[in-house]
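All remarks here apply to the structure that follows.
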Amino acid sequence: MSFTDAELTKDRFLGGKLHVLQPKTGYRAATDPVFLAAACPAKQGDSVLDLGSGAGTAGLCLAARVPVSVTGLEIQPEYAELARRNAAQNQIELEILDGDLAQMPDALKARTFDHVIMNPPFFGSGATPADHGRAVARQAQTDLRHWIDAGLRRLRQRGWITIIHLTDRLPDIIASLHNRAGGIEIKPLSPREHKPATRVILRARKGSKSKAVLCNPLILHEGASHSGDADSYTTAARAILRDGASIEF
C-alpha cells in the first residue's frame, strides 16, 4: 500500500532547500528531525544509519548539510516508499530499507556505521490515534532501550549515536548507554528563555570513557509567549531550521 498524491502535501524544509512529501493525516515531521540532523557530528564521507526514518526528513536534512552516506530503516512500507520518493525528488541519494529494528534485516546485520541517529516514538501505549501511521510513529511498539541497543550494535567503535527525545526519558537513555557509550553530551531544547526544557538531544560515543557534559540550552522562541502566526524563532533556532546550520554543543 502506498500514498496517493491526493493524500500528500509538499512541505518546505531548510528554508525551501528541501521539499518533502508527507501524508495529510498520518505522521508529519516538524522540527524534531531537523534538530536531530543538525546535532549529528558527521563529516564528509561518513556513513549514517537513521533508525525509524519515516518519510526521510532527518536523513535528507543531514545529507543537505554535509555529504554523507545515509541508510534509513523504516517499519512502515508506505513511509519507506515515500522516503525513497523524497530522496529522488530532492536529488539526494538515500538507501531506505524496510524492516523492524527489533528484528534487524539481514542486509544491516553485517554492517556498521560511523553514526546512528534516531527520533524514537515519544509516547507509550494509551489512546491510539485514528490514523495507523501516526499511531506507529508516535507510540512506542518497541521499548526505548531496544532502540538504543539496536543503534549501538550497528555503530562502529568510537562512532556517535544521536537521539532526540522528551526530557523525562533522559534517565532511561543514560541508563541504556551505561558501560557502552560515553562522552555523553546533553543539549536541552527550551521553548523560551526561563522555561523548562521539554525535549533534549543527547549524543554519545561508543566505547568512550569520557565524562558527561550538560550543555547550555538551545532557546527556540523569542518572547514570553506566542503571538499570532509570526515566526518567533530565535536567531540560533532559525539558522538551524531555515539555513541548515549545525547545533553547537
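Laboratory data are not the source of any read-out in this text; all were calculated from the coordinates shown. Treat the numbers as computed from the prediction; the structure is a model and nothing was measured. Here the Cβ positions follow ideal geometry from the backbone for every residue, glycine too, while neighbour counts run over all protein chains shown.
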Part-to-part distance (alpha-carbon centres) for region 199-249 and region 1-19, which is given in Å: 25
Karplus 3J(HN,Hα) series, Hz, for region 7-22 with 6.51 cos²θ - 1.76 cosθ + 1.60 (x for Gly, Pro): 8, 10, 10, 10, 10, 8, 10, 6, x, x, 5, 10, 10, 10, 6, 9
Net +/- balance of residues flanking Val116 in space, Cβ distance below 12 Å, scoring K and R +1, D and E -1: +3
Long-range amide H partners of Ala212 with built H, under 5 Å: Ile184
Least to most buried among Met1, Met118 (fewest other Cβ within 10 Å first): Met1, Met118
In nm, spacing of pseudo-spin labels at His19 and Thr167 (7 Å Cα→C-beta vector): 3.9
Residue exposure sequence - Leu170, Leu144 - by fewest surrounding Cβ within 10 Å: Leu170, Leu144
Dipole magnitude of the chain, debye to nearest 20 (Cβ charges: Lys/Arg +1, Asp/Glu -1, about Cα centre): 860
Gained length - Arg156 relative to Lys209, 0.36 nm times residue gap less alpha-carbon distance: 17.5 nm
Note, ³J(HN,Hα) from phi for region 23-28, Karplus 6.51, -1.76, 1.60, rounded to Hz, x at Gly and Pro: x, 5, 10, x, 5, 10
Proximal lysines to Lys187, defined as alpha-carbon separation beneath 26 angstrom and excluding residues fewer than eight positions away on the same chain: Lys17, Lys43, Lys195, Lys206, Lys209, Lys211
Estimated FRET transfer efficiency when R0 is 51 angstrom, pair Ala110-Ser225 (beta carbons, to 0.05): 0.50
Chain lengthening between Gln91 and Ser2 when straightened (0.36 nm per residue, less Cα-Cα): 29.9 nm
Interchain or long-range residues, amide H under 5 Å from Leu155's placed H: Phe113
For region 209-214, Karplus couplings with θ = phi - 60° (6.51, -1.76, 1.60), whole Hz, Gly/Pro x: 10, 5, 6, 6, 10, 9
Built amide H within the under 5 Å cut-off of Asp11, gap 5+: Val20, Leu21, Gln22
